[in-house]
Amino acid sequence: MPAVQIVLSVLTLIAAGTSAFLVWRANTRATAQREQQARREEWWRRFQYATELALDLDNPHRSNVGVQLVRAMITSSLAGRDELLAADTVLDEVLALGDTGSNEAEDHDGDHHSTEGD
């Protein structure tokens, strides 16, 4: 009987240790997912602010700052496919609505106007 009790005690210890490890691992992953989601939500809030600045065509300086912020934000690993599409749409809209004073926008508009005149 003592051998059976020892085996059962060892099995119980192994089961408890395994259970504790699995709970720790699940909690660690859940925490990582929550932190990643919080970072993505903060990225989105900043993107919304940058978009508001970029689309402020009454103030070219603010618009240019917004465009630069959007451009910087798209390099983030937090920006997924949908966020990149949204950023592309914002930048296209800014270019369509007016020049933000950036070199790239000037080059784009300059090329566009030169082809119309040809």
Handout entry: Residue ID - farthest from V94 (Cα to Cα), chosen from residues in region 59-76 that are touching a residue at least 12 places away in the same chain (Cβ under 8 Å) and small (G, A, S)
Key = S76
Problem - Out of R71, R62, sole residue that is modelled with pLDDT of 90 or more and open to solvent by 90 Å² or more (accessible area, probe 1.4 Å) - result: R62
Practice task
Starting from region 32-57, keep only residues that are without any contact (Cβ under 8 Å) to a residue 24 or more places away in the chain and in a helix (DSSP H, G or I), then list their pairs with residues that are open to solvent by less than 40 Å² (accessible area, probe 1.4 Å) and among the hydroxyl-bearing types (S, T, Y) whose Cβ atoms are within a distance under 8 Å, requiring at least 6 positions of separation or different chains.
Solution key: L53/S63
Handout entry: Given (1) among the acidic types (D, E); (2) over 19 Å from L95 (Cβ atoms); (3) surrounded by 15 or more Cβ atoms within 10 Å (Cβ to Cβ), number of the condition D56 does not satisfy
Key = (2)
Completion exercise
Within region 43-53, the residues that are open to solvent by less than 60 Å² (accessible area, probe 1.4 Å) and more than 15 Å from T89 (Cα to Cα) are W43
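The values are calculated or read from the model by the stated rules, or taken from the named source; none is laboratory data. Everything numeric here is computed off the predicted structure, so don't read it as measured data. Please note: Cβ atoms are built from the backbone with ideal geometry, for glycine as well, and neighbour counts cover all protein chains shown. Areas reflect the complete protein model, heavy atoms only, side chains present, ligands, DNA and RNA absent. Shrake-Rupley method; radii C 1.70, N 1.55, O 1.52, S 1.80 Å.
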